[in-house]
4 protein chains.
Amino acid sequence: MDDAELIALLGEGAHGYFAGGAGDELTLRDNEASWSRIRLSPQVLVDVSSRDASVTVLGQRLPHPVVVAPMAYQRHAHEDGESGTARAAAATDSTFVLSSQSTTSIADVAAAAPDARRWFQLYVFKDRQVSLDLVAQAREHGYEALVVTVDFPVGGWRERDRRTGFSVTHPLAINPTGESMTTSELFAMHDPSLTWDDIGEFTDAAGMPLLLKGILRPDDAERAVDVGAAGIVVSNHGGRQLDTVLSGADALPPVVDAVAGRADVLVDGGIRRGWDVAKALCLGADAVLVGRPVLWGLAQNGQAGAEAVLTQLHDELDTTLALLGCPNARDLDASFLTR
Amino acid sequence: MDDAELIALLGEGAHGYFAGGAGDELTLRDNEASWSRIRLSPQVLVDVSSRDASVTVLGQRLPHPVVVAPMAYQRHAHEDGESGTARAAAATDSTFVLSSQSTTSIADVAAAAPDARRWFQLYVFKDRQVSLDLVAQAREHGYEALVVTVDFPVGGWRERDRRTGFSVTHPLAINPTGESMTTSELFAMHDPSLTWDDIGEFTDAAGMPLLLKGILRPDDAERAVDVGAAGIVVSNHGGRQLDTVLSGADALPPVVDAVAGRADVLVDGGIRRGWDVAKALCLGADAVLVGRPVLWGLAQNGQAGAEAVLTQLHDELDTTLALLGCPNARDLDASFLTR
Amino acid sequence: MDDAELIALLGEGAHGYFAGGAGDELTLRDNEASWSRIRLSPQVLVDVSSRDASVTVLGQRLPHPVVVAPMAYQRHAHEDGESGTARAAAATDSTFVLSSQSTTSIADVAAAAPDARRWFQLYVFKDRQVSLDLVAQAREHGYEALVVTVDFPVGGWRERDRRTGFSVTHPLAINPTGESMTTSELFAMHDPSLTWDDIGEFTDAAGMPLLLKGILRPDDAERAVDVGAAGIVVSNHGGRQLDTVLSGADALPPVVDAVAGRADVLVDGGIRRGWDVAKALCLGADAVLVGRPVLWGLAQNGQAGAEAVLTQLHDELDTTLALLGCPNARDLDASFLTR
Amino acid sequence: MDDAELIALLGEGAHGYFAGGAGDELTLRDNEASWSRIRLSPQVLVDVSSRDASVTVLGQRLPHPVVVAPMAYQRHAHEDGESGTARAAAATDSTFVLSSQSTTSIADVAAAAPDARRWFQLYVFKDRQVSLDLVAQAREHGYEALVVTVDFPVGGWRERDRRTGFSVTHPLAINPTGESMTTSELFAMHDPSLTWDDIGEFTDAAGMPLLLKGILRPDDAERAVDVGAAGIVVSNHGGRQLDTVLSGADALPPVVDAVAGRADVLVDGGIRRGWDVAKALCLGADAVLVGRPVLWGLAQNGQAGAEAVLTQLHDELDTTLALLGCPNARDLDASFLTR
Ligand SMILES: Cc1cc2nc3c(=O)[nH]c(=O)nc-3n(C[C@H](O)[C@H](O)[C@H](O)COP(=O)(O)O)c2cc1C
Ligand SMILES: Cc1cc2nc3c(=O)[nH]c(=O)nc-3n(C[C@H](O)[C@H](O)[C@H](O)COP(=O)(O)O)c2cc1C
Ligand SMILES: Cc1cc2nc3c(=O)[nH]c(=O)nc-3n(C[C@H](O)[C@H](O)[C@H](O)COP(=O)(O)O)c2cc1C
Ligand SMILES: Cc1cc2nc3c(=O)[nH]c(=O)nc-3n(C[C@H](O)[C@H](O)[C@H](O)COP(=O)(O)O)c2cc1C
């Protein structure tokens, strides 16, 4: 499906919200381009008759390193919404991250996809109790990790939303009535005063491993380790917050160096192909998050569409492991890249 | 508004004069591209609930670092002309620089925008008395700094003007009757024999801090400090003078090093977004000048249009400070850039 | 002929199979671009009245360094098929490599082009006997070298074939009945468990010099020397296997260094012009393989078309030797490149 | 005039011959791009009220550094032909170089433009006497330097001419009857066996300073000095001989270093603007040759058109000297370039 078809399907407002990035969308494009620029250097004559894409994240073995990124308002993509995506993740053995801005309740997603490995993404709102309630629900309904997003003190500068005036009309945990709210109204609920000192409160409340999502600098990665994060997601929020920030691919290596194995490092932004996933692992990531591609799958064909996208990613990764001559994903390292 | 609409609005002549650059307009394009190429490296979990964009320039605290660049013949953009732009600057707490080639008198602009922080830009003409008279008027009418433009010994090679034969039909200080004059006739009045030795005369006449605008080399920046300039504007005149000169963004860092705090350093050329402003500050600039965007705002909607452009720039800068995790503009430094 | 004409001629299926590459075809394009990026530095006032493009490969003098790459299913390009290409090679004194996936039998090609310098390309199938039989036939019918392709443990990720569902309808050695098989069915016959230890079996069976095709890394090149390969073909399989692997041109120099003359080094991928051939030799290659251009010649005009393409390549190389001031191809070295 | 208009004017054949380059025309485009990539770093507050573009070449003061490159078959561009161009050169104080492949005789050009500073470009033909006769005529008719072109042992690979079959129908010194000859027939007359040892014969015959045109390497430049050349023209023949050779701009600096003042260094290829001329001088060239732009001027409007082009180049150079703050062309050096 090309842009025009997606717009016809979703309307300009939702499409713009999903597809768009901050400012002139330079980082949005650079996210994809940075992975493409990296060149692979495959090895031959290795027995690749059986491949194993599994990785260990948060001490747990995952069958493969693809995690579905938290994405807001999925019912605006398709009525299957977050439940459809979660079921698609379950069907493909992917990890699913539910957004704080979900258009399906924490309980309903859990009920719809009880077998899915589910994590919960947390936004810290000005009204802290709202956030703490979300954590409590996530805990109650078997979510296994808390992903605290730290790159959203204020809303990004998104011109498509300004143009379309996109507003969310489905009920949300933070807007249970579902009265129409623009994204900037919703963004205004985020707490811009959040600091490192506040993280402890959520680690305590979570009772599950905590990851910090939205880190791009090695010094911040070290502080994350210091405050007890079990993992870090190197991310520029899909190019949606501040335009011209560096890409996840470019930010990753220094963060891996700084963390030095003391926490898991995940990365996202612009990962579109199984070989992008492999490159992230070669650069030291433990797993990756994939956002928009899953959303486009959902938009086109609900749960089945999201599933097809995830299946293709896994197949591409499997092919990549074979053609790199590296049958085990955990053996991917910088020797498979040039220079 | 796109180019075609602006041409319809302004006519080819004025549009070409405003939009155009020298030669093949490579520097014109490179000006914007150089800012875009720089990558930001944001910090997270800093309390950014209140942001402060203020900077200190010429010993004075400015609420934010955006200065409206001196631009000639603004009545050809809109009947509000320089008064409209000055009032827009006042309304947005921006600094306004009036061009020597203003289509509104120094006195009238002062009367129209008494509260605006106004600086006066000086061209030194062959007939020095014309220039000295301008300085005297600026002094009399409360302009607070003198910006002597030094990159205009002769007119740039502007092919759009050659093609359209654009001529100025509004009265000017240096052509009070308003009889139609082409830009090359007007440019011929500039004094190509101006040297460092002549600057003292204007420092004396000014009775206000003097900035030299149009410097691109560190050695020239040092001489500017030596002759007593309070500030320097790193500028290639918006790509309008000599094509393929280096961009302001590329010229800035060596100049900052050479000046070493002995004068204020401003920069212009291709700054289009609040994050470009932030990058300039990260590279050591104290403030920035913004040209064409303000002019397009004026062209579209007079004072209100210029105001909208300036407001958006400030909002973008505010968002940038929040998303960089650097709530105070004065703390921006190279640590927020990658490599 | 442009793409549209070729599609009209061949149908989308065969055209997509021939023209296409893996994934987003970034490596496919980079293959050509990498040769184009290299800059030549010609010498003047050398007597170039007679030029000699001959090289020594596998101990044998070849009149020029152009080898026709093994390419599958050539009857889908033109009814002349592999026999036409082999005759074109003979007519132009080129070396011809017959693919394991030939739509003409080993014997028939030998009969059709008895004078052609013929090599045989081997795929090692899960059913090893199929491969050993191919080797025996090649030996029997006067093929002079065995090119074992090692970059095909599994099929590449080729989206054009997925889209068109291209299937092979001509009889093949490994599908003698010619019942329609898709490429992925055919690819599934390849043996993904092949390792360095298995190469000896084919060296023994061959009774002719063995080359390993599909090597991109210096460490693999050294192992190839260690297992007794007489030659190496630096190749990413025309960008058809794993997208974003490095180009042949970029992979070549480190391989040449690692091999250090202990085996012949050939290279392919994106060589389109006689000056590309010369550049490969400047970088240390002993000869080059050329793929698609020959196929397009065949598609357009059968044997004569392939011949025309090869003749042009030789003429371009001859002109290059003259204009580089290097009349003997064996004297080409890095001094004819800049930096 | 754009390409379509020029084609309408000249026909595909002549237009293709004039505009075209070798192969895929990558060097043709790179020639222009290399000058454009170089960034200028202007100086301010220098008295530039009078500019002097003069340079010293072959011991003679030239009012400015622009030389009209030797170009064949100018009557195919306009009936004014070489005489028109020579008169345009005289009118603009430019130096004119007459090609060996002139469609106007050496004597007639001299008669038409007696005041023009005229040099003669020599091709050495298989029949050496033809070349020696040309030299004798040049000497007799007051040509002041002999430019021996050394990058043409054989014709370049020019696909436009192959396609159009362009043939020359005007009388030439080497084809006095004017019977139609294709460029490849004409090129076949060049002597590919010419070496350094043969240069002496022409130095002796010339009785005027000799320049070698078509040198790109520092080692060849040194040999040129050794055989007594008074000057060198760094040139890739306008991208018409071997595609993907390095550009004149890129070749120039190492040649300047190697020559170290022992001969004059000129450069050509892609110089389109006065600031390109200045850049060449900054990089150490003593003068530049300009080809196609003059030809397009001639094609459009005969002598007057060529004159207009040369006048614009001089005006642009004059403006460049003013805006670089370097009023004397002889003071241009690398300090006016960045990095
Ligand atoms: C439509 C959309 C909504 C998003 N909503 C959230 C969110 O609610 N919480 C969050 O942490 N990240 C959110 N993100 C960011 C993603 O989690 C992820 O970082 C990003 O999409 C990865 O880039 P990609 O889309 O290029 O794969 C959202 C992204 C998109 C595209
Ligand atoms: C239409 C126009 C007129 C200008 N007139 C003047 C002027 O009179 N004096 C001056 O010093 N600079 C003048 N400039 C240059 C600007 O002050 C400034 O350096 C430049 O516009 C900054 O680049 P930007 O337009 O890309 O922001 C002019 C620029 C434009 C676009
Ligand atoms: C249509 C097609 C079929 C191919 N089939 C084979 C094959 O059967 N065996 C093999 O080793 N390589 C095969 N290749 C790869 C070529 O031998 C060669 O490596 C590649 O085409 C070189 O790149 P080029 O096409 O850009 O010149 C094939 C390539 C193409 C284009
Ligand atoms: C149509 C044409 C004809 C040429 N003929 C000759 C020639 O007869 N002798 C020669 O030495 N160079 C010849 N040249 C090369 C030019 O002298 C010069 O090196 C080149 O044109 C410079 O590049 P430019 O056209 O980009 O300025 C010719 C170039 C062109 C475009």
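Observations
- Complete set of residues in segment C:105-117 that are surrounded by 24 or more Cβ atoms within 10 Å (Cβ to Cβ), free of Cβ contacts under 8 Å to residues at least 60 places away in the same chain and under 29 Å from C:THR182 (Cβ atoms): C:VAL109
- Matching residues, segment A:56-104, being open to solvent by less than 40 Å² (accessible area, probe 1.4 Å), more than 13 Å from ligand 1 (Cβ to nearest atom) and closer than 30 Å to C:ASP191 by Cα: A:LEU62, A:PRO63, A:HIS64, A:PRO65, A:THR92, A:SER94
- Filter result for A:VAL294 (more than 14 Å from chain B (Cβ to nearest Cβ) and part of a helix (DSSP H, G or I)): yes
- Filtered residues of segment B:39-55 (kept if facing chain A (nearest Cβ under 7 Å) and either open to solvent by 30 Å² or more (accessible area, probe 1.4 Å) or part of a strand (DSSP E or B) (or both)): B:ARG39, B:LEU40, B:GLN43, B:VAL46, B:ASP47, B:SER49
- Here the condition is being farther than 27 Å from A:VAL309 by Cα and more than 16 Å from ligand 2 (Cβ to nearest atom); of A:ALA206, A:ALA249, A:ALA280, it holds for A:ALA206 alone.
- Tally of residues being touching a Cys at 6+ places or on another chain (Cβ under 7 Å) and among the basic types (Lys, Arg) across segment B:34-82: 0
- Of the criteria (1) open to solvent by less than 10 Å² (accessible area, probe 1.4 Å); (2) more than 14 Å from chain A (Cβ to nearest Cβ), which one B:GLY261 fails: (1)
- Candidates D:GLY305, D:GLY284: the one that is away from chain C (no Cβ under 14 Å) and closer than 29 Å to B:PRO153 by Cα is D:GLY284.
- Residues that are among the acidic types (Asp, Glu) and either part of a strand (DSSP E or B) or in contact (Cβ under 8 Å) with a residue 60 or more places away in the chain (or both) within segment D:297-333 comprise D:GLU307, D:ASP318, listed in sequence order.
- Looking only at residues of segment D:204-221 that are out of contact with any helix residue (DSSP H, G or I) (no Cβ under 8 Å at 6 or more places or on another chain) and touching a residue at least 40 places away in the same chain (Cβ under 8 Å), we find that the one that is farthest from the other protein chains (Cβ to nearest Cβ) is D:PRO209.
- Cβ-Cβ contacts under 9 Å between residues 6 or more apart (or on different chains), taken from a first residue in segment D:20-39 that is within 16 Å of ligand 3 (Cβ to nearest atom) to a second residue that is among the acidic types (Asp, Glu) and in a loop (DSSP other than H, G, I, E, B), are listed as D:ASP24/D:ASP243.
- Across segment B:196-210, the qualifying residues are those that are part of a helix (DSSP H, G or I) and open to solvent by less than 50 Å² (accessible area, probe 1.4 Å), and the one among them that is nearest to D:PRO327 (Cα to Cα) is B:TRP196.
- Hits in segment B:262-276 - residues which are over 14 Å from B:VAL309 (Cα atoms) and out of contact with any Lys or Arg (no Cβ under 9 Å at 6 or more places or on another chain): B:ARG262, B:ALA263, B:ASP264, B:VAL265, B:VAL267, B:GLY269, B:TRP275, B:ASP276
- Residue match in segment C:51-65 (condition: more than 23 Å from the chain's Cα centre (by Cα) and modelled with pLDDT of 95 or more): yes
- Test: residue in segment A:234-250 that is surrounded by fewer than 19 Cβ atoms within 10 Å (Cβ to Cβ) and either touching a residue at least 12 places away in the same chain (Cβ under 8 Å) or within 13 Å of another protein chain (Cβ to nearest Cβ) (or both): no
- Scope segment C:111-143; condition assigned to a loop (DSSP other than H, G, I, E, B) and within 16 Å of ligand 3 (Cβ to nearest atom); matching residues: C:TYR123, C:VAL124, C:TYR143
- Of all residues in segment B:308-339, those satisfying the criterion of being open to solvent by less than 20 Å² (accessible area, probe 1.4 Å) and more than 14 Å from chain A (Cβ to nearest Cβ) are B:LEU310, B:ALA329.
- The set of residues in segment B:222-233 being more than 16 Å from ligand 2 (Cβ to nearest atom) and within 11 Å of chain D (Cβ to nearest Cβ) consists of B:ARG223, B:VAL227.
- Index of the failed condition, A:GLY155 passing every other in (1) among the small types (Gly, Ala, Ser); (2) over 17 Å from A:GLN101 (Cβ atoms); (3) in contact with a Phe, Trp or Tyr (Cβ under 9 Å, 6 or more places away or on another chain): (2)
- Complete set of residues in segment B:158-203 that are of a type in the set (A, V, I, L, M) and within 14 Å of chain D (Cβ to nearest Cβ): B:ALA188, B:MET189, B:LEU194, B:ILE199
- Of the criteria (1) farther than 20 Å from C:THR149 by Cα; (2) charged (D, E, K, R); (3) out of contact with any Pro (no Cβ under 9 Å at 6 or more places or on another chain), which one C:ASP257 fails: (3)
Every residue, every condition in (1) within 16 Å of ligand 2 (Cβ to nearest atom); (2) acidic (Asp, Glu); (3) under 19 Å from the mean Cα position of the chain (by Cα); (4) surrounded by 15 or more Cβ atoms within 10 Å (Cβ to Cβ), yes or no:
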| position | (1), (2), (3), (4) |
| --- | --- |
| A:GLN129 | no, no, no, no |
| A:VAL135 | no, no, yes, yes |
| A:HIS141 | no, no, no, yes |
| A:VAL147 | no, no, yes, yes |
| A:PHE152 | no, no, yes, yes |
| A:ASP161 | no, yes, no, yes |
| A:ILE174 | no, no, no, yes |
| A:THR177 | no, no, no, no |
| A:ALA188 | no, no, no, no |
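- Just one residue in the set C:SER193, C:SER83, C:SER100 is modelled with pLDDT of 95 or more, assigned to a helix (DSSP H, G or I) and polar (S, T, N, Q); that residue is C:SER83.
- The set of residues in segment B:273-307 that are over 27 Å from B:ALA263 (Cα atoms) and open to solvent by 30 Å² or more (accessible area, probe 1.4 Å) comprises B:TRP296, B:GLN300, B:ASN301, B:GLN303, B:ALA304, B:GLU307.
- Scanning segment D:105-112 turns up at least one residue that is of a type in the set (Ser, Thr, Tyr) and over 23 Å from D:ARG292 (Cβ atoms).
- Among the residues making up segment B:211-267, those that are of a type in the set (Gly, Ala, Ser) and part of a helix (DSSP H, G or I) are B:ALA221, B:ALA224, B:GLY238, B:GLY239, B:GLY248, B:ALA249, B:ALA251, B:ALA258.
The values are calculated or read from the model by the stated rules, or taken from the named source; none is laboratory data. Here the structure is a predicted model, which is why all the values come from computation and not from measurement. With ideal geometry, Cβ positions are generated from the backbone for all residues, glycine too; neighbour counts draw on all protein chains shown. What goes into the accessible areas is simple: the full protein's heavy atoms, side chains included, and nothing from ligands, DNA or RNA. Shrake-Rupley method; radii C 1.70, N 1.55, O 1.52, S 1.80 Å.
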